[in-house]
Amino acid sequence: MNESNVTCKEVMNHICDSLGEDLDSPKCVAIKSHLSECSNCRNYFTSVEKTIKFYQMYNLDVPEESHKRLMKKLGLDE
Amino acid sequence: MEEAQLISSAQDGDKKALAELVKKYEKTVYNFSFKICRNPEKAENTMQETFMSMVKSLGQFDGKSKLSTWLYRIVTNHCLMELRKKKRNFVSIDDDEADVPEGAFIPDWNSIPSNIFENTELKNILDEAINKLSPEYRIVFVLRDVNGVSTEETGKITGLSVPAVKSRLHRARSFLRNEIGKVLEK
């Protein structure tokens, strides 16, 4: 814990709101301030961000055969 | 051609415009289906069902919502129906288990490169973690975090209120973070 007016527990519970939304809300400002002082919470924040990044990077191409079957099923094959 | 023009032309029976629309959303629909259904065969089947539904109902599409929202909703309903048939038990994350215990030391993930999951074995870790998550949470996580759909749109697609979307997202993120952490923090 440090001098911010939010606890580590609160930061961890609300950290997700600060990932992409309501960035200027009083809660998020307090969270950002807390993160700048608390390395444990900062590590938690980074790990959640990385988790999201991993799943964002995990993408598949539509298999060529699946594409062909789809277009045929829809009557759109050339 | 702009999307609105493509839709309008497709509604007038222009097959080329319809094919363009399908190609535009094919990868998105396939990936979303795969990430929710967790099976390539089911993902293909869901993709086909989704576009058949789109073709059938395109005449009624009034443009008030985004076409992507409409497609996501079809995929969501289809996958949930399929998954409920299986009645598989998923990990419950309605309690505090998704949270990190108070006072626990959290290692620094900064040194982990983001592209390590190009490695097949590590991809399995991502698969295993998300497979444990119940579909209702998985859908919110994939829509909001992976596909970048807004909280409000995610609510419309899933029929959830904005606070409910936020709550599920928080639980899903924490759960996945902890599951992956069990391997990466060893």
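The values are calculated or read from the model by the stated rules, or taken from the named source; none is laboratory data. If you're wondering where the values come from, they're calculated on a predicted model, not measured in any experiment. Cβ: placed from backbone, ideal geometry, glycine included. Neighbour counts: every protein chain shown.
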Going through (1) part of a helix (DSSP H, G or I); (2) in contact (Cβ under 8 Å) with a residue 12 or more places away in the chain one by one, B:Lys123 fails only at (2)
For residues that are touching a residue at least 40 places away in the same chain (Cβ under 8 Å) and among the charged types (D, E, K, R), scanning just the range B:16-63, find the one that is nearest to B:Lys132 (Cα to Cα). B:Arg38
From the list B:Ser33, B:Ser68, which one is buried (at least 21 other Cβ atoms within 10 Å of the Cβ) and of a type in the set (Gly, Ala, Ser)? B:Ser33
Does the range A:21-78 hold any residues that are within 7 Å of chain B (Cβ to nearest Cβ) and farther than 30 Å from B:Ser33 by Cβ, and which are they? A:Asn40, A:Asn43, A:Tyr44, A:Thr46
Among residues belonging to the range A:55-78 that are among the acidic types (Asp, Glu) and assigned to a loop (DSSP other than H, G, I, E, B), point out the one that is modelled with the highest pLDDT. A:Asp61
Select from the range B:156-170 the residues that are at the interface with chain A (Cβ under 9 Å from one of its Cβ atoms) and touching a Phe, Trp or Tyr at 6+ places or on another chain (Cβ under 7 Å) and list them in ascending order. B:Leu169
When the residues of the range B:152-169 are filtered to those that are surrounded by 21 or more Cβ atoms within 10 Å (Cβ to Cβ) and without any contact (Cβ under 8 Å) to a residue 60 or more places away in the chain, which remaining residue is nearest to B:His78 (Cα to Cα)? B:Thr154
Are any residues in the range B:170-182 in contact (Cβ under 8 Å) with a residue 60 or more places away in the chain and either within 14 Å of the chain's Cα centre (by Cα) or surrounded by fewer than 17 Cβ atoms within 10 Å (Cβ to Cβ) (or both), and if so, which ones? B:Ala172
